[in-house]
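Everything on this sheet refers to the single structure shown next.
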């Protein structure tokens, strides 16, 4: 049946609409791939026009300029809206289509990289921090930690000029010293933390640094050290390196369990920080110290004298007025234990710590690892059952266990299982 002049069949209209949709879809796909989108009737691609839909229009005010970031962002935003009308969804990431104020190329040198946020952290092994104190290399160790953080691409090296600009530039947020001091620190850490050559600084791995510091094994789990700490004055930075030891020990305990008491002499032998400096660092890094007390047997002159021989001036008489330990107003022998400490840093996953320890065992000569090292006997337990099991295996020192109670939130009470030679007069 013939249609009147000027009218088009419904099938033809549907076909034309379908063709328009396919053309729009093809155009969107080619535009997303960066290919030319307009073709002539002969299938040839015409030259790219002077004005592109992703470029700002030519009739802009002179004060804006053709490379204005603000105008370019508006033009790109309008183009995306136009393509969305025909059903096209962008496949590229927002970074490819939007210009932000802090947009940076991934290949730019570190001196042009955006400033990390203050919450950025770096993994620190407390054993390495202790090795820095022992070898008196905390200043050079700080440079090593900063270089590892600034190497955002994970290449293992940085350009010397970029390092100088970052660590010594007056306007740099990572400035820690002047150029002369940086030269001295680079020379001090050469062969330990890095190797220099061809205008680059190649920093060594964690395993090689630990071996250079004579650390046979990483025993403590790592902690998250805020990167902003590395730019603080050297004294405060050292305080946080010391506090990492306490953060790691407290993080290993189960939830609700107190950290084991530890004497300052023991801390000094492990971290190589003398007790007077320990107190100063704990105050600077806000390390919390909790007091611990142990309760022995009922008071008597013989027991009091023996306890004084065992624990010195830490011994005192406890009058149980409320009858917590037994009868009301009963007297007990008690003594103060070393403090427990909680550091300010959170615990990090061990990650490659096992692999690093395997590499350390290969780096050290056969028989060197462990020579002259004695395993410390565990003395503090989180509950009585574990303490009783250890006691039944035979111990040479007193065993302590905690029932989870504390007197005022700043002190914990420990119960004692005396060793055989110390059994008389103990509960």
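The values are calculated or read from the model by the stated rules, or taken from the named source; none is laboratory data. Please read all numbers here as calculations on a predicted model, not as lab measurements. A quick note on method: Cβ atoms are made from the backbone with ideal geometry, for glycine too, and the neighbour counts reach across all protein chains shown.
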Inside segment 159-183, the number of residues satisfying the requirement of being surrounded by 13 or more Cβ atoms within 10 Å (Cβ to Cβ) and either at pLDDT 95 or above or assigned to a helix (DSSP H, G or I) (or both) is 11
Suppose we filter 239, 207, 211, 243 for residues that are assigned to a helix (DSSP H, G or I), more than 19 Å from residue 360 (Cβ to Cβ) and more than 16 Å from the chain's Cα centre (by Cα); which single one remains?
239
Segment 176-202, residues that are under 15 Å from residue 141 (Cα atoms) and touching a residue at least 40 places away in the same chain (Cβ under 8 Å):
176, 185, 186, 188, 189, 192, 193, 194, 201, 202
Those residues of segment 188-204 that are farther than 18 Å from residue 146 by Cβ and assigned to a loop (DSSP other than H, G, I, E, B) come to a total of 3
Condition test on residue 196, is it touching a helix residue (DSSP H, G or I) at 6+ places or on another chain (Cβ under 8 Å) and more than 30 Å from residue 354 (Cβ to Cβ)?
yes
